[in-house]
Structure formats: structure tokens, C-alpha cells
1. Just grab the label-to-label distance for Arg8 and Thr42, each label 7 Å out from Cα along the Cβ direction, in nm (one decimal).
2. So what's the net charge close to Gly75: Lys and Arg +1, Asp and Glu -1, counting the other residues with Cβ under 11 Å from its Cβ?
3. What net charge is computed for the residues neighbouring Ala66, neighbours being all others with C-beta under 10 Å from the C-beta of Ala66, Lys and Arg scored +1, Asp and Glu -1?
4. Taking 0.36 nm per residue of sequence separation and subtracting the Cα-Cα distance, how much length would be gained by fully extending the chain between Asp54 and Ala66, in nm to one decimal?
5. Cβ under 9 Å from Thr24's Cβ, Thr24 left aside: what net charge do those residues give with Lys, Arg +1 and Asp, Glu -1?
6. Given the peptides 60-67, 17-24, 77-84, arrange them by the average over their residues of other C-beta atoms within 10 Å, most packed first.
7. Mind listing the long-range amide H neighbours of Phe32? Cut-off is under 5 Å, sequence gap 5 or more, other chains count too, H placed in the peptide plane at 1.01 Å from N.
8. Please work out the Cα center distance from the stretch 10-39 to the stretch 68-95, rounded to the nearest Å.
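Please treat every number below as a calculation from the coordinates, not as lab data. A quick note: this is a predicted structure, and the numbers were derived from the prediction, not measured. As a convention, Cβ positions derive from the backbone with ideal geometry for all residues, glycine included, and neighbour counts pool all protein chains shown.
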Amino acid sequence: MSDIEIVRGCVPGSLGRVASLHGTYYSEHWGFGLFFEAKVATELSEFLAQYHEDRDGFWVAAEDGAIQGSIAIDGSRTDTDGAHLRWFIVSEDVSGAHASESNDSCARCPRSHRVRPLRRFAPSTRH
């Protein structure tokens, strides 16, 4: 198993790969179609075009140079709505492969830095 490298910022291919990961996952598990994948691609491209290093965050997880996941913090409306967590996805090819490493790392975190588990929710199928 290769190591996962976390890279901050947009790297070549990240826009298309993140849209692809979302399109594939939500098509297979929720029946979403082209509309959803196009929406992800459009909104992510708009976010990256307006990206401000001091306000926003965008990271990709890469394994052997292949993008396997992403996460973004959209801080554009922090003053009114707070920051938004967006485009958080991990390829099903690697989603369980490094879970034990993550759990071990979290167990070593001071209690004050731990977060409560997120509740999983089902996205709306309305478009």
C-alpha cells in the first residue's frame, strides 16, 4: 500500500478528478446523473477561480500521483454564514485502506483537539 500525500491547492487534474469522484459515487449510490456532476464541476471551478489563500482551503489526497480524494473550506461567506466544508470525498479504491492509520492518529490527539463524530446523512434526490 502506498502512502497518501495531502497537497494544498489546485494541482493539474484536480478539478476533473474531484467532479468525477462525486459523479461516480452519487450516481452509483443515489442515482444522481449528469446534472449533479456538472453542478459539482461548475461550483468547484467557480470556487477555485475565486480562491483566496488566506480565506479558503483546498486539499487533495494523492496516492502515487493519482488524486484519490479532496476537501475544501469555502470561507467566502464567513462573516455572514460561517465557513463551509465542501467537496469532501475519498475514492472507494482507498477509503478503507488508511482508516486504521487515521484512527491511531486521532487516538493520540489531545482531548481538546478531538471533534465529535459527524452524523451521516442521505442527500436529497431532488435536483
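1. 3.1
2. It works out to a net charge of -3.
3. Working: positive: Arg17; negative: Glu63, Asp64, Asp93.
Taking every Cβ under 10 Å from that of Ala66, the sum is -2.
4. Stretched fully, the Asp54-Ala66 segment lengthens by 1.7 nm.
5. -3
6. 17-24, 60-67, 77-84
7. Hits under the 5 Å cutoff: Ser27.
8. Going from one Cα centre to the other spans 14 Å.
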